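The values are calculated or read from the model by the stated rules, or taken from the named source; none is laboratory data. Keep in mind it's a predicted model, so treat the numbers as computed, not measured. A quick note on method: Cβ atoms are made from the backbone with ideal geometry, for glycine too, and the neighbour counts reach across all protein chains shown.
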Amino acid sequence: MASALGVPRSVREVASVIYRRALSEDLIRGRSIEGVATSALYAACRKEGIPRSLEEISEVSRVERKEIGRTYRYISQELGLEMRPVDPKKYVPRFSSELDLSKEVQSKANEIIETTAEQGLLSGKSPTGFAAAAIYAASLLCNEKKTQREVAEVAQVTEVTIRNRYQEQIEAMGIHT
């Protein structure tokens, strides 16, 4: 799974440490081994600052997104894994590169994320959707237009999510379209 996600060796090491801790503390009982292993990989990605969404993780495993999320929450709570929310800016380079966007668009997207997050807009929102909307907005502002569908496909979010976050972000930035 780690190879399919293209994550570095350090993530694999951290994932196996988390998995072994879960095993030694008997957290696997009643759960699938694959579900726990997948959740450990997701936790390791977050811990190492290499963001991968639950959707991306579930695509390379045979475990459903919902089960990965549930098992991840259980394991991280039981093992006391300190997890900070994922910074949406961490998704910008990867999504922008997949969309073939310039550095100008990337820095504008980061600026949008910073400004709107400071205003409390990020609270409770998906970081992937938040990043996707900022990239969409930045692509329009920098005249490198991408459609909501193109951005949604790369970020694995819905077009509705992009529309909603985009509206909130441009309002908060005081941009009138």
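Tabulated results
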{"read-out": "The stretch 1-12, residues that are surrounded by 12 or more Cβ atoms within 10 Å (Cβ to Cβ) and either in contact with a strand residue (DSSP E or B) (Cβ under 6 Å, 6 or more places away or on another chain) or assigned to a helix (DSSP H, G or I) (or both)", "value": "ALA2, LEU5, SER10, VAL11, ARG12"}
{"read-out": "Unique residue being without any contact (Cβ under 8 Å) to a residue 60 or more places away in the chain and in contact with a Ser or Thr (Cβ under 6 Å, 6 or more places away or on another chain) when the list is ARG70, ARG46, ARG65, ARG20", "value": "ARG65"}
{"read-out": "Verdict on ARG52 being assigned by TED's automatic domain parsing to the domain that holds GLU168, closer than 18 Å to VAL157 by Cβ and charged (D, E, K, R)", "value": "no"}
{"read-out": "Number of positions in the stretch 140-177 that are in a helix (DSSP H, G or I) and either within 21 Å of the chain's Cα centre (by Cα) or in contact (Cβ under 8 Å) with a residue 24 or more places away in the chain (or both)", "value": "24"}
{"read-out": "Failed item in (1) in the same structural domain as SER10 (by TED's automatic domain parsing); (2) within 14 Å of the chain's Cα centre (by Cα), with ARG70 passing the rest", "value": "(2)"}
{"read-out": "Within the stretch 73-106, tally of residues that are farther than 12 Å from GLY35 by Cα and over 16 Å from the mean Cα position of the chain (by Cα)", "value": "15"}
